[in-house]
Amino acid sequence: MIKFRFELPQLGYQLGDLAPMMSQETVSLHYDRHFRTYLDNLNRLLEGSIYEGLSLPDIVCKAPIGPLSNNAGQVYNHQLFFEQFVPTKHAKLPSGEFLFMVEQSFGSFDRLLQLLEKESMSFFGSGWTFLVVNADGEMKVMSLSNGDTPLRYGMTPLLAIDLWEHAYYLDYQNRKKDYIRNLFLIINWNVVSSRLP
Ligand code: MN
């Protein structure tokens, strides 16, 4: 059997392209060190385990709580995170079916951003805030701790906001709200809407 190893995803931008919303230093450290560490841990823990060879979503959903599920969840969430950005000059607002669903679920796109900010700001500790769509096709904003992911609860994550301090501390120190608001400026809503099931 060919051993499959998970790898860092290719990014559609250079490490410095998201500055000043996310500095090159932050993206390098976050993508190349933190994300890589979760990947290395995942690959190491999979070796010889019954989960070897499964897709990442399957591992995320099937591995019991523990080091494997923590690292698989972090790899899954960081893929969502790093694939959803675009340099500000190319950023566009959402449109089409995705925007229609946002308006049905939250009233307006601005209201969604307000909810994401409120949810991120009130979340305590390390974790993630997500925009998700559930099995009934309803959009919701939710947070989960550490490396947990909405996939485990039958929901599809569309947008992932990393609330671990490593995501923003170099650039923003304790100014978490500035991190959240500036992150909205580099979201590639085409990528986010392409995640609709
Ligand atoms: Mn992170």
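The values are calculated or read from the model by the stated rules, or taken from the named source; none is laboratory data. Keep in mind the model is a prediction, meaning the values are calculated, not measured. Neighbour counts are summed over all protein chains in view; Cβ atoms, including those assigned to glycine, are modelled from backbone coordinates with ideal geometry.
Scanning segment 65-114 for residues being touching a Pro at 6+ places or on another chain (Cβ under 7 Å) and either of a type in the set (Lys, Arg) or farther than 21 Å from SER145 by Cβ (or both) gives a total of 3.
Return the residues of segment 103-129 that are more than 16 Å from the ligand (Cβ to nearest atom) and under 30 Å from ASN70 (Cα atoms); say none if nothing qualifies.
Once the filter is applied, which keeps residues that are more than 16 Å from the ligand (Cβ to nearest atom) and under 30 Å from ASN70 (Cα atoms), segment 103-129 yields LEU112, LEU113, GLN114, LEU115, LEU116, GLU117, LYS118, GLU119, MET121, SER122, PHE124.
Residue pairs whose Cβ atoms lie under 8 Å apart, separated by 6 or more positions or on different chains, with the first residue in segment 163-174 and more than 11 Å from the ligand (Cβ to nearest atom) and the second among the β-branched types (Val, Ile, Thr), are LEU170/THR26; ASP171/THR26.
Taking the condition surrounded by fewer than 17 Cβ atoms within 10 Å (Cβ to Cβ) and within 16 Å of the ligand (Cβ to nearest atom), does ASP58 pass? Spelling it out, it is not the case that ASP58 is surrounded by fewer than 17 Cβ atoms within 10 Å (Cβ to Cβ) and within 16 Å of the ligand (Cβ to nearest atom). Taken over segment 139-151, residues that are within 16 Å of the ligand (Cβ to nearest atom) and touching a residue at least 24 places away in the same chain (Cβ under 8 Å) amount to 5. The set of residues in segment 69-100 being under 18 Å from ASP17 (Cβ atoms), hydrophobic (A, V, I, L, M, F, W, C) and away from the ligand (no atom under 16 Å from the Cβ) consists of VAL86, ALA91.
Residues that are more than 16 Å from the ligand (Cβ to nearest atom) and among the basic types (Lys, Arg) are absent from segment 26-34. Scanning segment 61-84 for residues that are part of a helix (DSSP H, G or I), more than 24 Å from TRP189 (Cβ to Cβ) and either among the β-branched types (Val, Ile, Thr) or free of Cβ contacts under 8 Å to residues at least 12 places away in the same chain (or both) yields a single hit, LYS62.
Conditions tested, residue by residue: (1) of a type outside the set (Phe, Trp, Tyr); (2) within 18 Å of VAL27 (Cβ to Cβ); (3) modelled with pLDDT of 95 or more.
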position: GLN84; (1), (2), (3): yes, yes, yes
position: LEU99; (1), (2), (3): yes, no, yes
position: GLU103; (1), (2), (3): yes, no, yes
position: LEU112; (1), (2), (3): yes, no, yes
position: LEU151; (1), (2), (3): yes, no, yes
position: LEU163; (1), (2), (3): yes, yes, yes
position: TYR172; (1), (2), (3): no, yes, yes
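Restricting the search to segment 30-55, which residues are in a helix (DSSP H, G or I) and either buried (at least 17 other Cβ atoms within 10 Å of the Cβ) or in contact with an Asp or Glu (Cβ under 6 Å, 6 or more places away or on another chain) (or both)?
Result: HIS30, TYR31, PHE35, TYR38, LEU39, ASN41, LEU42, ASN43, LEU45, LEU46.
With respect to (1) modelled with pLDDT of 95 or more; (2) under 20 Å from LEU151 (Cα atoms); (3) among the charged types (D, E, K, R), the lone exception for ARG36 is condition (2).
Only a single criterion out of (1) away from the ligand (no atom under 16 Å from the Cβ); (2) in contact (Cβ under 8 Å) with a residue 12 or more places away in the chain; (3) under 27 Å from HIS34 (Cβ atoms) is not satisfied by GLY154, namely (3). Counting only strands (runs of 3 or more DSSP E) wholly contained in segment 105-188, the ones carrying 3 or more residues that are surrounded by fewer than 20 Cβ atoms within 10 Å (Cβ to Cβ) occupy 139-145.
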